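Every number in this text was worked out from the coordinates using simple rules, so none of it is lab data. Quick caveat: nothing in here was measured; it's all calculated off a predicted structure. When we count neighbours, we look across all protein chains shown, and the Cβ atoms used for this are built from the backbone with ideal geometry, even at glycine.
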Amino acid sequence: MCVRVYEVRVKRALAPSGLPEYDYALNPYVGCLHGCLYCYAMDYTRGPPAAAWGSVVYVKVNLLEVLRREVGRVRPGVVGLSTVTDPYQPPEAKYKLTRGAVSILAGAGFRVSIQTKSGMVVRDVDVLVAHREAVDVGVTITTLADKARILEPMAAHPYARAQAVRKLAAAGVKTWIFLGPIIPGFNDGAEDIEPVVKLAHETGSELYYDRYRPKPRADAYLAAKYRPVAATPSWWAEVKKTVEAICARYGARCIDAEEERRAAFKAST
Ligand code: SF4
């Protein structure tokens, strides 16, 4: 696949977050070269990075300069890094925007919550450890099986992600695992769920789990490149039981992401 990376300049770095758990969203990139087939970010992205999902990315080259100015002007809060892109996708190796943003934010009294599907996060263990009181790192693992490649063609192999969780946790960084989206007939069986729960238990990570949530563009993209996906409430009720039973067996702390979000939303209103 031909990948195109464009440098763009921005006027703002932090955006208000639509998610109740974050005060701000910080997205150093527009689009994502991991190109996951189910990615809901497609529905929140405009222009070429959305139209050619997984092959075009915009790099906000002046992000750190803008962020340094902004942190002195806005109330410190919790920053989701990132909410509609992966903060450790390939261009981060060169641009180091995520690395720089963590230092600026944590140094200015913000909390930073990172979520990624890349092992590159381990590169920044020094920064993450230095700011461990203000930082948590979530790694998304839908399954540890090789079939992850079908839906996450350019993301790191799940073993590399598991290794990243182990290394960060061993270094004292607060880690969590996102088991999601859980997709009917793809990763909803105990054989997929159990190894992820086991990893959460081993590393002392909280595990958030969630189902696939329909979105127009993501639905169409999945249907075209994989197959149509339809999740019913009765299917989800069964999957939840499976997840909770496995978590109870391992003594892992597992949280239904949707329920948690609803509770956070209620608390904030
Ligand atoms: S890594 Fe995240 S943001 Fe990137 S394509 Fe996959 S789901 Fe979307």
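The 3J(HN,Hα) values that the Karplus relation (6.51, -1.76, 1.60; θ = phi - 60°) gives for the stretch 100-112 are, in residue order, x, 5, 4, 5, 5, 5, 5, x, 9, x, 8, 9, 10 Hz. Gly and Pro appear as x. Fully extending the segment from ARG68 to TYR159 would add 29.2 nm, taking 0.36 nm per residue of separation and subtracting the current Cα-Cα distance.
Placing +1 on each Lys and Arg Cβ and -1 on each Asp and Glu Cβ, with no other charges, gives the chain a dipole about its Cα centre of roughly 840 debye.
Modelled this way, with points 7 Å down the Cα-to-C-beta line, the labels at LYS225 and LYS167 are 2.6 nm from one another.
Karplus-based coupling profile of the stretch 5-21, in residue order and whole Hz: 10, 10, 8, 10, 10, 10, 9, 10, 10, 7, 10, x, 8, x, 9, x, 7, with θ = phi - 60° in 6.51 cos²θ - 1.76 cosθ + 1.60 and x standing for Gly or Pro. Spacing of the modelled spin labels on TYR6 and ARG253, each 7 Å from Cα toward Cβ, amounts to 4.3 nm.
Packing around the peptides 222-231, 183-192, 100-109, taken as the average count of other Cβ atoms within 10 Å per residue, puts them in this order, highest first: 100-109, 183-192, 222-231.
You can think of it this way: the chain between ALA145 and ARG213 has 22.3 nm of extra reach, that is 0.36 nm per residue less the Cα-Cα gap. Comparing Cα centroids, the stretch 43-75 and the stretch 167-194 end up 27 angstrom apart. Couplings 3J(HN,Hα) for the stretch 209-216, derived from phi with the Karplus relation 6.51 cos²θ - 1.76 cosθ + 1.60 (θ = phi - 60°), are 10, 7, 8, 5, 10, x, 9, x Hz, where x marks Gly and Pro. For ALA13, the shell of other residues with beta-carbons less than 10 Å away shows a net charge of +3, using +1 for Lys and Arg and -1 for Asp and Glu. For LYS241, the aspartates and glutamates whose Cα comes closer than 12 Å to its Cα, not counting residues fewer than 8 places off in the same chain, are ASP188, ASP256. Considering only Cα atoms, the convex hull volume of the chain works out to 126 Å³ per residue.
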